[in-house]
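Since the structure comes first, as structure tokens, the remarks are kept for the end.
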């Protein structure tokens, strides 16, 4: 339970601990793709191993622990999928009522997971793609939370700094495993909260524990939602709002939210912005599964797509370790699996002889 091992560093509540065993996720060294990309060390931080299948459990454990300490009985929030599943699970653990405003295009599998934990969900048209609608929802939630004396937990520092502080434990684990060395950490981003948490995590280690390493934190976004990555690459100091057009679930946040601070944090770390296509993300998602055995949702492959682009452009020292944050399990998005493997499934045969014939044919 590495998440709570670092409780003092991320400011955990003193009297409550709502946990499902989050954190301590595998750091997997590449066996094939590193060689193809010419990298000496390529690592995958597999956050799909968390209890609800994504890194958002680090956020939810911290957020709901604080709400329980505050005596809250109701939690409001928003989600495109992973945040909702995590918050719903930890609310169930804490005996707290959970009500979530959902982006219009959230995958059905993620919605079913939230419902399984007992959350109450409503999808809102154009929420997640339109900055104006998204701002309206966020402002409305603030007012409703105040009216009901409810907690409001949205996975962004702008709304839930205590919850997002828990996400910094990703950096603490990387620093502990890889040691005080230089590294590149590639993070996928929608609103930028994950990238900002990782950058602040390394800064916290340096200022409070004298960590002597240097982590260059990179922000990778799909081209249809390049609020942070494109301005970083263009040398600008502020993010920009866009009408989100990406189909990558979880990264469809066209508003600013944490984006300005994320630009600044990446620049302080020496990181860069990387813009990838949806097709590149889907392609690397399939390759991660087939060539590395790492099963992730499309958002979890966005970081690797960013690494591939950086290598292609000659932007990385190939002797410096590279870490990709693989943020969620492949079970999170059933639609992406159809893109990966098609719809045929497993054929039905009459006997073992037919199976044997297929194996022998494939082995030739």
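The values are calculated or read from the model by the stated rules, or taken from the named source; none is laboratory data. None of the values given here were measured: they were computed from a predicted structure. Because the Cβ atoms are built from the backbone with ideal geometry, glycine has one as well, and the counts that use them run over all protein chains shown.
Scan region 170-198 for residues that are farther than 22 Å from residue 26 by Cβ and assigned to a helix (DSSP H, G or I) and the total you get is 2.
Checking the structure you have, find out if any residue of region 43-54 is farther than 24 Å from residue 198 by Cβ, out of contact with any helix residue (DSSP H, G or I) (no Cβ under 9 Å at 6 or more places or on another chain) and modelled with pLDDT of 90 or more. Quick ask: steps written out before the conclusion?
Going residue by residue through region 43-54, those that are farther than 24 Å from residue 198 by Cβ are none.
Among the residues of region 43-54, not one is farther than 24 Å from residue 198 by Cβ, out of contact with any helix residue (DSSP H, G or I) (no Cβ under 9 Å at 6 or more places or on another chain) and modelled with pLDDT of 90 or more, which makes the answer no.
Within region 78-105, how many residues are buried (at least 23 other Cβ atoms within 10 Å of the Cβ), outside any helix (DSSP H, G or I), touching a helix residue (DSSP H, G or I) at 6+ places or on another chain (Cβ under 6 Å) and at negative phi? Qualifying residue count for the region: 2.
Only one of 275, 322, 294 is touching a residue at least 12 places away in the same chain (Cβ under 8 Å), under 27 Å from residue 83 (Cβ atoms) and surrounded by fewer than 23 Cβ atoms within 10 Å (Cβ to Cβ); which? So that I can check it myself, show each step before the final result.
On the way: 322 fails: surrounded by fewer than 23 Cβ atoms within 10 Å (Cβ to Cβ); 294 fails: surrounded by fewer than 23 Cβ atoms within 10 Å (Cβ to Cβ).
Of 275, 322, 294, the one residue that is touching a residue at least 12 places away in the same chain (Cβ under 8 Å), under 27 Å from residue 83 (Cβ atoms) and surrounded by fewer than 23 Cβ atoms within 10 Å (Cβ to Cβ) is 275.
Residues of region 120-141 that are surrounded by 14 or more Cβ atoms within 10 Å (Cβ to Cβ) and without any contact (Cβ under 8 Å) to a residue 12 or more places away in the chain: 133, 136. Kindly indicate whether residue 317 is free of Cβ contacts under 8 Å to residues at least 40 places away in the same chain, under 28 Å from residue 273 (Cα atoms) and either out of contact with any strand residue (DSSP E or B) (no Cβ under 9 Å at 6 or more places or on another chain) or not in a helix (DSSP H, G or I) (or both). Spelling it out, residue 317 is indeed free of Cβ contacts under 8 Å to residues at least 40 places away in the same chain, under 28 Å from residue 273 (Cα atoms) and either out of contact with any strand residue (DSSP E or B) (no Cβ under 9 Å at 6 or more places or on another chain) or not in a helix (DSSP H, G or I) (or both). Return yes when residue 250 is assigned to a loop (DSSP other than H, G, I, E, B) and either in the same structural domain as residue 129 (by TED's automatic domain parsing) or on the phi > 0 side of the Ramachandran plot (or both) and no when it is not. Judged against the criteria, residue 250 is a match. Annotation: residue 31 fulfils all but one of (1) closer than 30 Å to residue 307 by Cα; (2) in contact with a helix residue (DSSP H, G or I) (Cβ under 7 Å, 6 or more places away or on another chain); (3) modelled with pLDDT of 95 or more; the unmet one is (3). Only one of the listed residues (203, 176, 182) is under 20 Å from residue 320 (Cα atoms) and either free of Cβ contacts under 8 Å to residues at least 24 places away in the same chain or assigned by TED's automatic domain parsing to the domain that holds residue 126 (or both). That residue is 176. Residues in region 244-275 that are out of contact with any strand residue (DSSP E or B) (no Cβ under 7 Å at 6 or more places or on another chain), modelled with pLDDT under 95 and farther than 23 Å from residue 163 by Cα: 244, 245, 247. Among the residues of region 6-21, those identified as without any contact (Cβ under 8 Å) to a residue 40 or more places away in the chain and in a helix (DSSP H, G or I) are 7, 8. Among the candidates 299, 310, 241, the residue that is at pLDDT 95 or above and either at negative phi or not in a loop (DSSP other than H, G, I, E, B) (or both) is uniquely 310.
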